[in-house]
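See structure below.
The values are calculated or read from the model by the stated rules, or taken from the named source; none is laboratory data. Just so it is clear, the structure is predicted and the values come from calculations on it, not from any experiment. Cβ: placed from backbone, ideal geometry, glycine included. Neighbour counts: every protein chain shown.
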Amino acid sequence: MRRAHDESDVEQRQRATLAARAYDDDRAPVIPILDLPADGRPEERPRLLIAVAAAAVILVVAGALAFAAPSWRDHREDGIGPAPTTAVSAVDPQENPASCALPAQWKTAIAAGTVGVDHPANAAVGSGPDGTFLMHQTGEGTDELALVDADGRRTTVWSPSAGRAEHPSVSPDSAVSGRWVAFGLLSDSTDYAVLAWNRSSRQLATVRELSSEERIAGNLVIDAAPVVAGDTAYWVEHRLTNTRHETLVAQPLGGTGDRRDYPVADVDRLVVTDAGLLILTAPNPAPGTTLGVDETVTAGPFGRLPASLNAVRVGRWFTSDGATLRWLTGARASTRLLAWNPHDAVTTTAAPAAPLGARIVGPFLVSVSYAEAGVALDTRTGRTVALPVGLDLALTTGGAVVFADGRRRVDRRGAATIARVAIDQLAPVTC
């Protein structure tokens, strides 16, 4: 999954994978449906890794716009995941309708939702509960990760150590809980540390740091951006070229418990929902395939998926808002947007007008090119809206979407302007 680091990739990796988490960790047990206790820690009991392998939990490569992987991951046959059988919603988008111009009401809402920034390049990289989101800010000789709260106030979470070339590695939708922010540090093309920031005390702590011996002699890497569920951080470790024998680590934060290790294989990334921790895996794509690689959602060592989710567990661009998992299936005219949470059945919405390489940002399926105008399909109406060059729908958080406006930016590392707009302030596209 690791590759040489390019700062412009930081933005692309985070941007390319979707949506947001918006929930209060105190309201429900962390992983009730997958046999995890309320503190978010897996039970210490034997697990059958064979069952995971038999279900063809396979490897990882997400494309150039999200979690690209080297070619060392071996391909395995899968053959699972029947076509969705749930009813299609009443929304019936036209096939490739002409895009509407950006509504004046949207322009006004974006201007009103501008968030104050103090760096020339800013990238919204991870969403959290209650309208919070993480922003990676860079400039001449400066680099920091900041948490933006629902009132627009920025708090610095991390800045690099003096003399060290390191960058944050952030989950786009599962890095923030009600009490914690968890993320990795990337250096020399691999993640080597996991950090956690307490939102109450505003203290940053190193949860795990690979030693020089582990990194060089042991060839060990931290793979998949860390996530946090309640008071527990999760990440994956493995030897650089051996993804068939990986370790899923569960580490209670704040000194509340000991590390627990679970054998897993071929993990792409981790995601948190109301059902708890879910694991995404993916087969090697064909040569030249980079966008929207199919992934398979699994419960890993924590149990079995509910039947409704298990029947449609293969798709692409999986994302979570903390409660609901959303993803796409099909292609072109057969594209479908699926949604699942542990309290309801899987729902399916037809989206034949979804743009190529579309990712999910709230009710929108977004395709953006900084060199050309992008488009967003509004699944509320089935119509597409044109996004001016440089304007991106970056992520969702707390019932809002975050726009990144790069039309005045100084380079490709981030946008000059960031704005958060409540979804209900964006009138459905109906031109």
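Residues are listed down the side, and each one gets a yes or a no for (1) on the phi > 0 side of the Ramachandran plot; (2) touching a residue at least 12 places away in the same chain (Cβ under 8 Å); (3) of a type in the set (Val, Ile, Thr); (4) in contact with a helix residue (DSSP H, G or I) (Cβ under 7 Å, 6 or more places away or on another chain):
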| residue | (1), (2), (3), (4) |
| --- | --- |
| GLY113 | no, yes, no, no |
| ASP130 | yes, yes, no, no |
| GLY141 | yes, no, no, no |
| ARG153 | no, no, no, no |
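Of the residues making up region 198-256, those that are within 23 Å of GLY322 (Cα to Cα), in a strand (DSSP E or B) and among the polar types (S, T, N, Q) are ASN198, THR232, GLN251.
Within region 106-172, which strands (runs of 3 or more DSSP E) (wholly inside it) include 2 or more residues that are of a type in the set (Lys, Arg) and surrounded by 20 or more Cβ atoms within 10 Å (Cβ to Cβ)? Fully inside region 106-172 and qualifying: nothing.
State yes or no: is ASP405 within 30 Å of VAL117 (Cα to Cα), surrounded by fewer than 23 Cβ atoms within 10 Å (Cβ to Cβ) and of a type in the set (D, E, K, R)? Break it down into steps so the answer makes sense when it comes.
Values: within 30 Å of VAL117 (Cα to Cα): yes; surrounded by fewer than 23 Cβ atoms within 10 Å (Cβ to Cβ): yes; of a type in the set (D, E, K, R): yes.
For ASP405, the condition - within 30 Å of VAL117 (Cα to Cα), surrounded by fewer than 23 Cβ atoms within 10 Å (Cβ to Cβ) and of a type in the set (D, E, K, R) - is met.
Can you tell me which residues in region 173-188 are surrounded by fewer than 21 Cβ atoms within 10 Å (Cβ to Cβ) and in contact with a helix residue (DSSP H, G or I) (Cβ under 9 Å, 6 or more places away or on another chain)? Scanning region 173-188 gives GLY178, ARG179, ASP188. Residues in region 303-326 that are touching a Lys or Arg at 6+ places or on another chain (Cβ under 8 Å) and surrounded by 22 or more Cβ atoms within 10 Å (Cβ to Cβ): TRP317, PHE318, THR319, SER320, ASP321, GLY322. Of all residues being within 14 Å of PRO129 (Cα to Cα) and among the β-branched types (Val, Ile, Thr) in region 174-192, which is modelled with the lowest pLDDT? Just the residue, please. Top of the filtered list is VAL176. Candidates are the residues of region 280-304 that are assigned to a loop (DSSP other than H, G, I, E, B) and hydrophobic (A, V, I, L, M, F, W, C); the one that is modelled with the highest pLDDT is ALA299. Suppose we keep only residues that are in contact with a helix residue (DSSP H, G or I) (Cβ under 7 Å, 6 or more places away or on another chain) and outside any loop (DSSP other than H, G, I, E, B) within region 263-275. Which one would you say is modelled with the lowest pLDDT? Restricting to residues being in contact with a helix residue (DSSP H, G or I) (Cβ under 7 Å, 6 or more places away or on another chain) and outside any loop (DSSP other than H, G, I, E, B), the top hit is VAL264.
Among ALA419, ALA427, ALA394, which is the only one that is modelled with pLDDT of 85 or more and assigned to a loop (DSSP other than H, G, I, E, B)?
ALA427
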